[in-house]
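These notes are about the structure you will find just below.
The values are calculated or read from the model by the stated rules, or taken from the named source; none is laboratory data. Small disclaimer: the values here were computed from a predicted structure and weren't measured. Every residue, glycine as well, gets a Cβ built from its backbone with ideal geometry; the counts of neighbours run over all protein chains shown. For the accessible areas, the whole protein counts, side chains as well, though only heavy atoms, and no ligand, DNA or RNA atoms are used. Shrake-Rupley method; radii C 1.70, N 1.55, O 1.52, S 1.80 Å.
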Amino acid sequence: MSFKAFEPDDFVVSVDSITAGIWTGETASLFTFFTSSTQAASSAGNYYLNAYNTAVTNSIQFAVTYGNLYASGSELYNPAVDGYSYSGTIWGQYQILVLGDENANFSWGGITGSDFWAISVERDRYKEALFPGSLSLTLRTGSTNLTITDDSQVASSQIFCDAGRVFQLVSGSAGVVYSGSGTDGINGYSPSSGSYGWLLPDIGTILLNPLAISQSINLVPTRTSNTNGLNPFRLFTAISASGQNGSPFTLNSQENIASDYVFVRPRSSEFNYSENPSFISGSTGEVLYSSFINNPQVYITTVGLYNDASELLAVAKLSRPLLKDFTKEALVRVKLDF
């Protein structure tokens, strides 16, 4: 067996960004939405509502929930103890996850809010992160629509929180911000109610600002204390109605794949002999054919990568045998993906 040490310029590292549709089958647009009556009726249904792409509820696409600073819009755990409810728990959960501070408040484009809707994409769908600029989410109530996207294509600076990158949600589609006049203003959201929420691509989450949404369309959460306002279902219905009307929920995933390229360079004088027993006489130990001495020909089929202790770490198989002799040099590129 022959070994050859690699030189520093034999290694090249490359990072490729790969995007794909986020829903089942790597499709980017989702038109149909279903819920599970079993899940909705369970204790979990008090916190969130799963959304599926078919009536056969075995493939979760995302979940919707509602959080409220004052624990309003859902029933109290104990009617005798005010301020502790399902919506209050959701508010606190996202407060810690996103803001990292139980005393901090969400600020939608500079306007502080006291409640939100959250859309959490199923974890195995978005690989590394959601792809900023690919979002198109249409909400429909009655005959009125609101389509929102993120401002990643026009944001002047990158904003971060405890959950990673933050992009404001604005009126627009597929990263293109609405720039007309009216309640949305030139930046895609109303100065009086703030942005439509946040896109948190690194945790696969969309937070929606009910105040801004309700000023554009008649989609208002129930904020009555100790009342099951069915607020997750209100949002789900608005998303589902849009899909049925031909406006899908569109979103892509993004994944950065780092590849190590290793270039193996057998020179003309190297790797021309073989340790295959067929080259050697079993009784005398002599080379069977004189041509194997002065004009050997071998075929390279495999490249093994070893560490300094001569331990085999990886094996690369060539697509076809590569003829090697003293008149030929070869260049084999090995790609390692992580």
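By accessible area, using a 1.4 Å probe on protein heavy atoms only, the range 1-61 has 57% of its surface on carbon and sulfur.
Stretched out straight at 0.36 nm per residue, the stretch from Glu255 to Leu336 would grow longer than its current Cα-Cα span by 27.5 nm.
Summing Cβ point charges (Lys, Arg +1; Asp, Glu -1) relative to the Cα centre of the chain gives a dipole of roughly 840 debye. You can think of it this way: the chain between Ser29 and Val15 has 2.3 nm of extra reach, that is 0.36 nm per residue less the Cα-Cα gap.
Rounded to whole numbers, the Karplus 3J(HN,Hα) couplings from phi for the range 151-158 are 9, 4, 7, 10, 5, 7, 8, 8 Hz, using 6.51 cos²θ - 1.76 cosθ + 1.60 with θ = phi - 60°, and x at Gly and Pro. Using every pair of distinct Cα positions in the range 95-209, the Kirkwood expression returns a hydrodynamic radius of 14.4 angstrom.
The residues of the chain expose on average 52 square angstrom of accessible surface per residue, using a 1.4 Å probe on protein heavy atoms. In the range 117-274, the portion of solvent-accessible area held by carbon and sulfur atoms comes to 50 percent [1.4 Å probe, whole percent, DNA, RNA and ligands not counted]. Label-to-label distance for Ser157 and Leu323 is 6.5 nm, based on points extended 7 Å past Cα in the beta-carbon direction. For the peptides 246-256, 201-211, the ranking by packing is 201-211, 246-256, with the highest mean count of neighbouring Cβ atoms within 10 Å listed first.
Inter-label distance, Leu305 to Tyr77: 5.1 nm, where each label sits 7 Å from its Cα along the C-beta direction. With the highest mean first, a sort of the peptides 222-229, 84-91, 292-299 on other beta-carbon atoms found within 10 angstrom per residue produces 84-91, 222-229, 292-299. Label separation (Tyr84 vs Ala5): 6.7 nm, computed from points 7 Å beyond Cα along the C-beta direction.
The angle between the Cα long axis of helix 231-244 and the main principal axis of the chain comes to about 70°, on a 0 to 90 degree scale. Taking the inverse of the mean 1/r over every pair of distinct Cα atoms in the range 192-338 gives a Kirkwood hydrodynamic radius of 22.7 Å. Centre-to-centre separation between the Cα atoms of the range 68-147 and those of the range 290-338: 57 Å. Three semi-axes describe the equivalent ellipsoid of the chain; taken as square roots of 5 times the Cα gyration tensor eigenvalues and ordered largest first, they are 60, 21, 19 Å. On full extension, the segment bounded by Asn245 and Thr38 gains 71.8 nm, given 0.36 nm per residue less the C-alpha separation.
Restricting the calculation to Cα atoms, the range 1-98 yields a radius of gyration followed by a Dmax of 23.5, 80 Å.
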